[in-house]
Structures are given as C-alpha cells and as structure tokens.
1. Could you tell me which residue of the range 86-98 is surrounded by the fewest Cβ atoms within 10 Å (Cβ to Cβ), considering only residues that are of a type outside the set (A, V, I, L, M) and more than 21 Å from residue 31 (Cα to Cα)?
2. Looking at the range 54-101, which of its residues are part of a helix (DSSP H, G or I) and among the acidic types (Asp, Glu)?
3. Assuming residue 37 fulfils every condition listed in (1) at pLDDT 95 or above; (2) loosely packed, with under 12 Cβ neighbours inside 10 Å; (3) assigned to a loop (DSSP other than H, G, I, E, B) apart from one, which condition is it?
4. Go over the candidates 78, 50, 23, 30 one by one and state the one that is without any contact (Cβ under 8 Å) to a residue 40 or more places away in the chain, out of contact with any helix residue (DSSP H, G or I) (no Cβ under 9 Å at 6 or more places or on another chain), of a type in the set (D, E, K, R) and under 26 Å from residue 105 (Cα atoms).
5. Which one of 96, 22 is modelled with pLDDT under 90 and of a type outside the set (Ser, Thr, Tyr)?
Amino acid sequence: MSEEIEKMHCNHCSRQESCESGKKKARSEKEVKRMLNRLSRIEGQVRGMKKMVEENRYCIDILIQAEAVSAAINAFNKELMSEHIRTCVAENIKAGNDEVIEELVKTLQRLMK
C-alpha cells in the first residue's frame, strides 16, 4: 500500500478512549478547512436560533431557522459520507477488510431512521 493511500486509510488510534470507534482518519488540510467552515456556519445558525428564542421571536420564524440548520447538517453528513466511502471504505476493501461494509451498512441504517 502506498504511503499516500496509508494516510487516507482509517487506523486504530493509540488511545482507545479518545474516540468511540477507536479509529482515526488522516485528512488533508483542505478537507479539514472545508469541514470546519461548514461546521462554523452551522454553529452560527444555532447561535442565531438561540438568540431568536431569547428575543421571544415568533415560533414559525424559529422553526424555519431550525429547518435551515437541519438541511445544513444533512449536507455536511452527505459530504462526509461520500468522502468516507471514497477513502476509508474503498481502501479497506482493497486491503481485504470487508468488515468495513457491515460498518457502513449499520451506519446508513442508523442515519436513515
């Protein structure tokens, strides 16, 4: 496996308690920046909703903002899932680790509730 592919491959982290699955993924600086920008926008939208509640704004206005937050989270999840399939899943399958397919199926089932 090339060094570049190894960097994209999910690996077990050295401290199991650091994350739920015990895995980490190396991401490019560009990918991290893109993800953090999306999350910052979502965070701003949530802060806006909080301010709307504090200001006793009309329920429908808050609900519309909540739908925008939900759509932004869904867009983030779609992008992250696409990247996961292209990198982690594909590389694990190429390396003979078919367990990643069951992990993906379970994750998709959980997300589609």
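The values are calculated or read from the model by the stated rules, or taken from the named source; none is laboratory data. These numbers come from a predicted model, not from an experiment. We place every Cβ from the backbone using ideal geometry, glycine too, and count neighbours over all the protein chains shown.
1. 96
2. Step one: of the range 54-101, the residues part of a helix (DSSP H, G or I) are 54, 59-94, 99-101.
The answer is 54, 61, 67, 79, 83, 91, 99.
3. (3)
4. Values: 50 fails: under 26 Å from residue 105 (Cα atoms); 23 fails: out of contact with any helix residue (DSSP H, G or I) (no Cβ under 9 Å at 6 or more places or on another chain); 30 fails: under 26 Å from residue 105 (Cα atoms).
Within the list 78, 50, 23, 30, the selection yields 78.
5. Working: 96 fails: modelled with pLDDT under 90.
Exactly one of 96, 22 is modelled with pLDDT under 90 and of a type outside the set (Ser, Thr, Tyr), namely 22.
Here's the yes/no breakdown for (1) surrounded by 15 or more Cβ atoms within 10 Å (Cβ to Cβ); (2) touching a Cys at 6+ places or on another chain (Cβ under 8 Å):
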{"residue": "53", "(1), (2)": "no, no"}
{"residue": "58", "(1), (2)": "no, no"}
{"residue": "61", "(1), (2)": "no, no"}
{"residue": "65", "(1), (2)": "yes, no"}
{"residue": "70", "(1), (2)": "no, no"}
{"residue": "79", "(1), (2)": "no, no"}
{"residue": "84", "(1), (2)": "yes, no"}
{"residue": "100", "(1), (2)": "yes, yes"}
{"residue": "106", "(1), (2)": "no, no"}
